[in-house]
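Since the structure comes first, as structure tokens, the remarks are kept for the end.
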């Protein structure tokens, strides 16, 4: 599975793709120059429970670290992932 990011400067998406099939997505909007707001995570039902959402989340965290930005999670999945993985709180907005 590959995760790619598309961004138009105002909003973006991380897409999980395997063999040309989109397995899931995590969408965000920019909240200024220094943070993204994750507003939705969705995985196709037939791929749920296979780590797709986690891969999307880790891609978002890695992106935030690389760009030295913060994440504001508003979707339930992203909020839950930050609670489960305290090692990623360095990119969480205080």
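Just so it is clear, none of the values below were taken in a lab; they were calculated from the coordinates. Just so it is clear, the structure is predicted and the values come from calculations on it, not from any experiment. Positions of Cβ are backbone-derived with ideal geometry, glycine not excepted, and every protein chain shown enters the neighbour counts.
Results, tabulated for the structure shown:
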read-out	value
Selected residue (criterion: surrounded by the fewest Cβ atoms within 10 Å (Cβ to Cβ)) from residues of segment 64-80 that are under 11 Å from residue 35 (Cα atoms) and within 10 Å of the chain's Cα centre (by Cα)	64
Selection count where residues are touching a helix residue (DSSP H, G or I) at 6+ places or on another chain (Cβ under 7 Å) and within 18 Å of residue 83 (Cβ to Cβ), scope segment 34-53	3
Residue match in segment 12-23 (condition: part of a helix (DSSP H, G or I) and exposed (fewer than 14 other Cβ atoms within 10 Å of the Cβ))	no
